[in-house]
There are 2 protein chains.
Amino acid sequence: MDQTPDIPTRNELIKYLSKYINLTEEDTNAILKDLDIRLYKKGDILIKEGEIPELCYFVFKGCVRQYFNLDGEEKTTEFYTEGQPISVFRGTNVNKKSSFFLSCLEDCVMSVGPIVPENTDIDPKFITLCKTAAEDELCRTQETLAMYRLTNPEERYLELMKTKPELITRVPQYYLASYLGIKAESLSRIRRRLTKKT
Amino acid sequence: MDQTPDIPTRNELIKYLSKYINLTEEDTNAILKDLDIRLYKKGDILIKEGEIPELCYFVFKGCVRQYFNLDGEEKTTEFYTEGQPISVFRGTNVNKKSSFFLSCLEDCVMSVGPIVPENTDIDPKFITLCKTAAEDELCRTQETLAMYRLTNPEERYLELMKTKPELITRVPQYYLASYLGIKAESLSRIRRRLTKKT
DNA sequence: AAAACTGATTGACTTTGGTTAAGAAAGGAA
DNA sequence: TTCCTTTCTTAACCAAAGTCAATCAGTTTT
């Protein structure tokens, strides 16, 4: 969890932010100056089920896994990799506790920031950025959910091969399986079926 | 599509907005004064796949179905009912076209507003409202997606009975089926299985 | 009333996924 | 290297979902 002054890494965040808002030279410098970059070890846990989230993250390097503990079984529901923000929102009417775990699947480099509190005096430009980023993320999540309702596990695996092929080799298959909504044995069978088809 | 001055109906919108922001008396009056409330007929289509969304909606009365047309088959992915906003976001890096249809399952009363354009001079209070609402919606959608990865169709049907029981009687079952990620015949069997269990 | 249409159910059969249990393969640690 | 742990694969069996086709019930149309 040391502080590192890695310039090319930091530019990734600027690139991400630039998708959502026009940044002046000063903006960029201000952001980079105050950036809190931390190193995490494989296995480090960022938050546990039931804890109240205080931080949000941006992944520069590594992979973070989001999961639930259901009847003693870990159910993986998301992976966050390079260039992705981890938005640990506090739902407005929901209780403020996290409903899942976040843990590092690999050694990670991430920037860490406080969750923006309501009713604080913040640069309106930053609020607009958050609004756009949240809408963008919402749009993407809605489409993923729709895709889920429309496809079977095999189709979802093929989709994953197309959109995030690196995950397949990077992540243990039994984590991937619950991410695809199936058991590890079924994923193994799907993989065999597919190799036979070619 | 007439204009209607239905006061109790309008208060629903205020109630929704109040979840996200403190509204003064003036705010409330300003919002209610300019409200564009329209009536839609059963079967009316709000937007088609490929069209560029210009409006967003808030449902006062009725039910709107969101669906895709996949290989000639309609796949239902969402229902919007009383008190729900229909946020037709334009993803930032995605193309601006809608990827789905929206059509009225019943006669509907909705308020209609333009999608907020970027870089316009807008009350910062309103931006904050949008940010919070989007984050809240995102939080909810992420949890729905996680639930989807974790459960089988029967469990999802039971969950639906708990959370939105009115949908089950209100909506044709073959629409419900694809919403649950299965075929109409399978939903019918699940229902039979469940009645036998009791 | 008869015909047409829409939506739900059922049956027979196939395919796929869950379960349980046993091994095989790969990667680290001693 | 050997041992051990982690991860992946396979098999056998069962339950559930998909497919195709027929039927039924309830509406609406003519």
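Condition check ((1) in a helix (DSSP H, G or I); (2) within 12 Å of DNA strand C (Cβ to nearest atom)) across all residues:
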position	(1), (2)
B:Ser98	no, no
B:Ala133	yes, no
B:Asp136	yes, no
B:Gln142	yes, no
B:Glu159	yes, no
B:Ile168	yes, yes
B:Tyr175	yes, yes
B:Thr195	yes, yes
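Taking the conditions (1) closer than 30 Å to A:Ile182 by Cβ; (2) among the hydrophobic types (A, V, I, L, M, F, W, C); (3) open to solvent by 30 Å² or more (accessible area, probe 1.4 Å) in turn, B:Ile122 satisfies each one other than (1). Look through the range B:145-157, keep the residues that are within 11 Å of DNA strand C (Cβ to nearest atom) and either among the hydroxyl-bearing types (Ser, Thr, Tyr) or in contact with a Ser or Thr (Cβ under 8 Å, 6 or more places away or on another chain) (or both), and return whichever of them is farthest from the other protein chains (Cβ to nearest Cβ). Taking the candidates together, the pick is B:Pro153. Identification of strands (runs of 3 or more DSSP E) wholly contained in the range A:1-85 with 3 or more residues that are open to solvent by 40 Å² or more (accessible area, probe 1.4 Å) and at pLDDT 85 or above yields A:55-61. Touching a residue at least 60 places away in the same chain (Cβ under 8 Å) and open to solvent by less than 30 Å² (accessible area, probe 1.4 Å) - does that describe any residue in the range A:139-158? Checked the range A:139-158: no residue is touching a residue at least 60 places away in the same chain (Cβ under 8 Å) and open to solvent by less than 30 Å² (accessible area, probe 1.4 Å). When A:Ile122 is tested against the conditions (1) more than 27 Å from A:Lys61 (Cα to Cα); (2) within 16 Å of DNA strand C (Cβ to nearest atom), the lone failure is (2). Considering only the range B:166-198, state which residues are surrounded by fewer than 16 Cβ atoms within 10 Å (Cβ to Cβ), touching a residue at least 24 places away in the same chain (Cβ under 8 Å) and within 8 Å of DNA strand D (Cβ to nearest atom). Residues satisfying the conditions are B:Ser186, B:Arg193.
Select from the range B:177-189 the residues that are near DNA strand C (Cβ under 9 Å from one of its atoms) and not polar (S, T, N, Q) and write down the one among them that is farthest from the other protein chains (Cβ to nearest Cβ).
Within the range B:177-189, the subset near DNA strand C (Cβ under 9 Å from one of its atoms) is B:177, B:183-189.
With the extra rule that they be not polar (S, T, N, Q), the set shrinks to B:177, B:183-185, B:187, B:189.
Details: B:Ala177: 10, B:Lys183: 11, B:Ala184: 14, B:Glu185: 15, B:Leu187: 13, B:Arg189: 17 Å.
So the residue we want is B:Arg189.
The values are calculated or read from the model by the stated rules, or taken from the named source; none is laboratory data. Bear in mind the structure is a predicted one, so any value in this text is a computation, not a measurement. In this analysis, Cβ positions are derived from the backbone assuming ideal geometry, glycine residues included, and neighbour counts consider all displayed protein chains. The area values use the complete protein model at the heavy-atom level, side chains included, leaving out ligands, DNA and RNA. Shrake-Rupley method; radii C 1.70, N 1.55, O 1.52, S 1.80 Å.
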